[in-house]
Amino acid sequence: MKGSKNRRYNFFLLTTMSILFLIIGILVRGNDEGILFDLVLLEYIHSNINPLVLRIMKFISFIGSAYFIIPVMTIVIAYNYKRKKHYESSLLLLSTAGSWIFNFLLKQIFHRTRPLDYFLVDQGGFSYPSGHTMVATSFYFTIAYLLTRNMKEKDKRVFYLVATIAILLMGISRIYLGVHWPTDILGGLLMGYIFYYLSITLVKRRRRLDK
């Protein structure tokens, strides 16, 4: 009974998130301007740029980049593979590398221009959804899941809270650096969570079939 209720809740949540992601995507497709709260937030943040905060935000952005996540992911996957933890390796590879690839494809579909007038660092490519945010969401939530899947529900909260804070800081850093519209970050959060959930579901199903 509880499992059925959880499945219905997750279906409703993922459907709602998918619809919201697509609505934002339709609004920003091929657009080079902000929508909704984009300009208000960017104007507010960029009217109060602080050199120290800027350095911190650059560092936070770095730990969400391919230069940081790929080596970390490779080390963790190699370690798990050596210990014959193929389930963990497959899940982390799918949720992270898969998220990167899917994000690239989504950006080619939505073709949104970055907020060029707000750039504090150089950044190429399209804008929606935020790649840093999407990959960080799937990566850090997957790490939290792997660390806590054998814990009681109440004990998991701290790990997921830490992951959530890290993800939100990643999104904020991209807005602060002026390389993303805030709605890009929202899109990255939504699709990153969807990809994280679907990755777990697919790998679990594959694991059951292999037994």
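For the residues Thr137, Thr133, the requirement of being open to solvent by less than 10 Å² (accessible area, probe 1.4 Å) and more than 22 Å from Val40 (Cβ to Cβ) singles out Thr137.
Restricting segment 1-56 to residues that are of a type in the set (Lys, Arg) and closer than 19 Å to Val179 by Cα leaves a set whose member that is farthest from the chain's Cα centre (by Cα) is Arg55. Looking only at residues in segment 60-73 that are in a helix (DSSP H, G or I) and either at pLDDT below 85 or on the phi > 0 side of the Ramachandran plot (or both), the one that is surrounded by the fewest Cβ atoms within 10 Å (Cβ to Cβ) is Tyr67.
Within segment 4-19, residues that are in contact (Cβ under 8 Å) with a residue 60 or more places away in the chain have Cβ atoms under 6 Å from residues that are surrounded by 11 or more Cβ atoms within 10 Å (Cβ to Cβ) and in a helix (DSSP H, G or I) in these pairs: Leu14/Ile194; Met17/Leu190; Met17/Ile194, counting only partners at least 6 apart in sequence or on another chain. Report yes if Leu147 is open to solvent by 30 Å² or more (accessible area, probe 1.4 Å), part of a helix (DSSP H, G or I) and at pLDDT 95 or above, otherwise no. No. The residue that is modelled with the highest pLDDT, among those in segment 1-56 that are of a type in the set (A, V, I, L, M, F, W, C), open to solvent by 90 Å² or more (accessible area, probe 1.4 Å) and not in a helix (DSSP H, G or I), is Leu36. Annotation note: Cβ proximity below 9 Å between a residue of segment 40-58 that is under 12 Å from Arg174 (Cα atoms) and a residue that is open to solvent by 90 Å² or more (accessible area, probe 1.4 Å) (sequence gap 6+ or interchain) occurs for Leu42/Asp117. Within segment 85-115, if we keep just the residues that are touching a residue at least 40 places away in the same chain (Cβ under 8 Å) and aliphatic (A, V, I, L, M), the residue that is surrounded by the fewest Cβ atoms within 10 Å (Cβ to Cβ) turns out to be Ile109. Picking from residues in segment 153-185 that are of a type in the set (Val, Ile, Thr) and open to solvent by 30 Å² or more (accessible area, probe 1.4 Å), the one that is nearest to Leu27 (Cα to Cα) is Ile172.
Here is a check on your reading of the model: is Ile23 without any contact (Cβ under 8 Å) to a residue 40 or more places away in the chain, of a type in the set (A, V, I, L, M) and under 18 Å from Gln108 (Cα atoms)? Answer is yes for this residue.
The values are calculated or read from the model by the stated rules, or taken from the named source; none is laboratory data. Keep in mind it's a predicted model, so treat the numbers as computed, not measured. In this analysis, Cβ positions are derived from the backbone assuming ideal geometry, glycine residues included, and neighbour counts consider all displayed protein chains. Note: accessible area is taken over every heavy atom of the protein model, side chains too, but ligands, DNA and RNA are not part of it. Shrake-Rupley method; radii C 1.70, N 1.55, O 1.52, S 1.80 Å.
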